[in-house]
Each structure stands twice: as C-alpha cells, then as structure tokens.
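To keep things clear, I will list the structure first and then write my remarks on it.
The values are calculated or read from the model by the stated rules, or taken from the named source; none is laboratory data. Bear in mind the structure is a predicted one, so any value in this text is a computation, not a measurement. Every residue, glycine as well, gets a Cβ built from its backbone with ideal geometry; the counts of neighbours run over all protein chains shown. Surface areas here come from the heavy atoms of the whole protein model, side chains and all, with no ligands, DNA or RNA. Shrake-Rupley method; radii C 1.70, N 1.55, O 1.52, S 1.80 Å.
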Amino acid sequence: MSGVEVPDVVSAQGLTGCVEDEGTCGAPIVGRGRCRKHYGRWWRKSQGRVVEPALNLKSSTPAARFNAKVSRGGATQCWPWGGSLHPKGHGEFYVSPGRGRVPAHAFAVELATGVRCPDGLEACHRCDNPACCNPRHIYYGTRQQNVDDMWARERTPRGSARPQAKLDEAAVLSIRTRFAAGELSTHLALEYGVSDSLISNIVNGHAWQHVGGPTGTHGRPGRRPSTRKAV
C-alpha cells in the first residue's frame with residue numbers, strides 16, 4: 001500500500017464501519033467507506049479500469065440512489081433493476097449501514113407506499129420478472145401466497161422439465177396403470193430405479209399431480225401385502 005494516496009475517510013457520511021461484506025465488516029474506515037483490507041482490494045482492482053464510485057450516503061438519499069438504478073418504462077411495463085442481482089434473479093439494494101441490503105423490488109413498494117414490508121410477509125411479483133421494480137407489479141404477501149401464485153402461473157418447472165427428475169410423464173402413467181392392475185410397488189421401484197416411497201407418492205397422486213392415470217389404488221390387488229398377523 002506504500003505510495004498509494006488514500007482519499008479522505010467517509011465517516012462524515014454517517015458510516016460507523018466498513019460497508020463491505022454486505023455491511024457486516026465494520027472495521028475502521030480508511031477511505032471510500034472501506035477498511036484498509038477492503039480498500040486495498042478495491043484499489044488493486046481499480047487500476048486501469050473504470051470502477052463503481054464510492055457510496056455517498058451523505059449527499060445522496062437512498063431513494064435517489066435506488067431510482068438511479070431502475071429503468072422506468074410505462075405504467076404497465078416492467079421496470080428492470082440495473083444493480084446487483086441475487087442468485088434467484090431479483091435485485092439487491094444497499095439501503096444504509098443499519099439496514100444493509102434488501103430486495104430491490106421490496107424497496108420499490110416501500111418507496112411508492114411509504115410502508116416497509118411487514119414481518120412475516122415478503123414482496124411478491126404479479127409479473128414473471130424477478131428483476132422488475134415497478135411497484136404496480138409487486139405486492140406484500142405471505143410465503144404461501146407467493147408459492148401458490150408461482151404454481152398457478154406455472155413459473156416452476158414440473159415433471160420431466162425439472163433437472164433432478166428421474167422419471168418422465170410416460171413412465172409415471174405406466175407406473176400408475178401397472179400398479180392399479182396388480183403389480184407391487186417394490187417391483188416397480190426396482191425396475192425404474194427409484195425409491196419405494198416415490199412409487200407410493202406417485203400411485204397415491206401426491207407426486208406428479210399433473211399426470212393422469214389411476215391414483216389412490218392401494219385397495220386394489222397391487223397394494224403392498226399386509227404384514228399384520230391374523231387375530
């Protein structure tokens with residue numbers, strides 16, 4: 001670090017510690033809102049390249065910083081987030097040292113309504129665009145509401161479209177038909193290379209619910225033989 005000109009510290013902006021590691025570092029600041037370790041990393045990465053400017057939490061409000069990262073379109077259009085993204089696709093916004101990062105679409109509703117997302121609720125999209133920050137497309141709802149909406153809109157891959165699927169729709173239909181005709185679930189599990197419990201869930205209709213065929217047929221000849229002794 002010798003020979004490096006360290007800019008003025010930014011504690012005057014209200015920071016109490018380094019803002020790196022999503023605001024959890026907290027080490028003493030030497031410049032640009034960062035401690036000596038994180039400032040050194042920033043400086044080495046910045047040589048010869050254009051870098052993101054330091055946070056200016058004193059002269060720029062959270063609303064101003066947020067709006068600068070949103071591409072606003074028409075009232076009914078999606079407004080894509082131009083900042084950092086969570087692995088699940090929604091935006092992330094650094095509000096303040098006290099709050100850290102929050103989902104960008106949740107902050108969009110907070111700015112539009114003045115109401116922060118209540119405990120136990122989450123920001124849910126009416127559109128199918130996780131990066132959208134148009135508050136008209138977002139509402140506060142429960143996790144169950146979000147999951148139900150996701151299934152209703154078929155936003156989650158089902159059946160053979162899932163990467164981890166071991167069966168396809170044709171195999172599931174065959175399993176149900178053969179089980180209803182009298183074949184044992186243990187034999188079907190061995191043939192298809194899956195667990196007996198998965199076969200049970202399939203023939204009971206608990207799994208692969210979008211596939212047809214007979215379900216709930218454990219009372220038919222194909223059910224597992226009873227191990228209870230006759231009284």
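Overview of values
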{"read-out": "Qualifying residue in segment 91-99 (condition: within 18 Å of A131 (Cα to Cα) and assigned to a loop (DSSP other than H, G, I, E, B))", "value": "no"}
{"read-out": "Residue count, segment 1-36 (criterion: surrounded by 14 or more Cβ atoms within 10 Å (Cβ to Cβ) and either in a helix (DSSP H, G or I) or modelled with pLDDT of 55 or more (or both))", "value": "18"}
{"read-out": "Scan of segment 102-117 for residues that are surrounded by 15 or more Cβ atoms within 10 Å (Cβ to Cβ) and either more than 17 Å from N134 (Cα to Cα) or small (G, A, S) (or both), ordered by number", "value": "A104, A106, A108"}
{"read-out": "Of residues in segment 118-129 being out of contact with any Pro (no Cβ under 9 Å at 6 or more places or on another chain), open to solvent by less than 60 Å² (accessible area, probe 1.4 Å) and in a loop (DSSP other than H, G, I, E, B), the one modelled with the highest pLDDT", "value": "P118"}
{"read-out": "Residue check for K88: at pLDDT below 90, assigned to a helix (DSSP H, G or I) and either open to solvent by 20 Å² or more (accessible area, probe 1.4 Å) or of a type in the set (S, T, N, Q) (or both)", "value": "no"}
{"read-out": "Output for segment 60-76, where each listed residue is within 22 Å of the chain's Cα centre (by Cα) and not in a helix (DSSP H, G or I)", "value": "K69, V70, S71"}
{"read-out": "Exclusive hit being under 30 Å from H125 (Cα atoms) and modelled with pLDDT of 75 or more, set V194, V211, V172", "value": "V211"}
{"read-out": "Residue check, S200 open to solvent by less than 80 Å² (accessible area, probe 1.4 Å), among the polar types (S, T, N, Q) and at pLDDT 85 or above", "value": "yes"}
{"read-out": "Among the residues listed as G98, G82, the single one being modelled with pLDDT of 90 or more, surrounded by fewer than 15 Cβ atoms within 10 Å (Cβ to Cβ) and closer than 29 Å to D21 by Cβ", "value": "G82"}
